[in-house]
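Here's the structure, in C-alpha cells; my notes come after.
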Amino acid sequence: MAETILNLAVIIIMIAIGLGIYRLVKGPTVVDRVIALDLLTLIAIALIVMIALVTSRFIYVDVALVYGLLSFLSVLAVARYLEKGL
Amino acid sequence: MMTLLTLVLCIGILISALLATYLERRVAAVISAGLVGLFASVTYVILSAPDVAMTEAAIGSGITTVIFLFALSKTKEQPDE
C-alpha cells in the first residue's frame, strides 16, 4: 500500500518536472523563467525527500535541508539584478 | 521507477544545457545554467552520493548564479535588450 502511494507520488513529481521544464522553454520573459527556477527548486526538494523515503536512507533529508536553506539566494539575486541594483 | 526518474532528470539536464547555450537574453542563460546544477544535484542523490549533492547544491546552484549575475552587472558595454 505504502509502496504504491510512494510510486504514485514519484510519478506525479515527474509530471511536475515536465510542466516546469515546459514553462522554462516556452516562457517569453525572464520573469517566467525565474518562476520556473523557483518552481523546479521546490520540486527538487520534494523529490529528494521522496527518494529518502523510498530508499529508507534518512541522511538524504540533510541534502534537502541544505537546498532549502540556499535556494532563495539565486531567485533573490535575479530579482535584484532585474531591478538594476545588484 | 528509479531508472525512469533518472531518465527524466537527465533529459532535464540536457534541455537546460541547450537553453543555456541558445537563449538570447543573458540573464535567462544564467538561470538555465543554474538549473543544470539543480538537476545534477538530484541525480547525485539518486546515485547515493549525498555529500557531493550537498556541495553541488551549495556551490553549483547557489553561489555560481550570484557570481554570474554580479559579473553581468559589472559589464555594461553590450547591454541586453
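The values are calculated or read from the model by the stated rules, or taken from the named source; none is laboratory data. It should be emphasised that the depicted structure is a prediction, and the values quoted were computed from it without experimental measurement. Here the Cβ is made from the backbone with ideal geometry for all residues, glycine too, and neighbour counts use every protein chain on show.
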**Condition met for B:GLY60 (facing another protein chain (nearest Cβ under 8 Å), surrounded by 14 or more Cβ atoms within 10 Å (Cβ to Cβ) and either within 29 Å of A:ILE51 (Cβ to Cβ) or among the basic types (Lys, Arg) (or both))** = no
**Prompt:** From the list A:VAL75, A:VAL63, which one is more than 8 Å from every other protein chain (Cβ to nearest Cβ), closer than 28 Å to B:VAL66 by Cα, touching a residue at least 12 places away in the same chain (Cβ under 8 Å) and not hydroxyl-bearing (Ser, Thr, Tyr)?
**Reply:** A:VAL75
**Asked** Quick check: is even one residue across the stretch B:38-50 outside any helix (DSSP H, G or I) and of a type in the set (Ser, Thr, Tyr)?
**Response** yes
**Item:** One residue from B:THR43, B:THR65, B:THR3, B:THR75 being more than 8 Å from chain A (Cβ to nearest Cβ) and surrounded by 13 or more Cβ atoms within 10 Å (Cβ to Cβ)
**Value:** B:THR43
**Asked** Which of the helices (runs of 4 or more DSSP H) contained wholly in chain A include at least 2 residues that are within 11 Å of the chain's Cα centre (by Cα) and at pLDDT 90 or above?
**Response** A:2-26, A:30-55
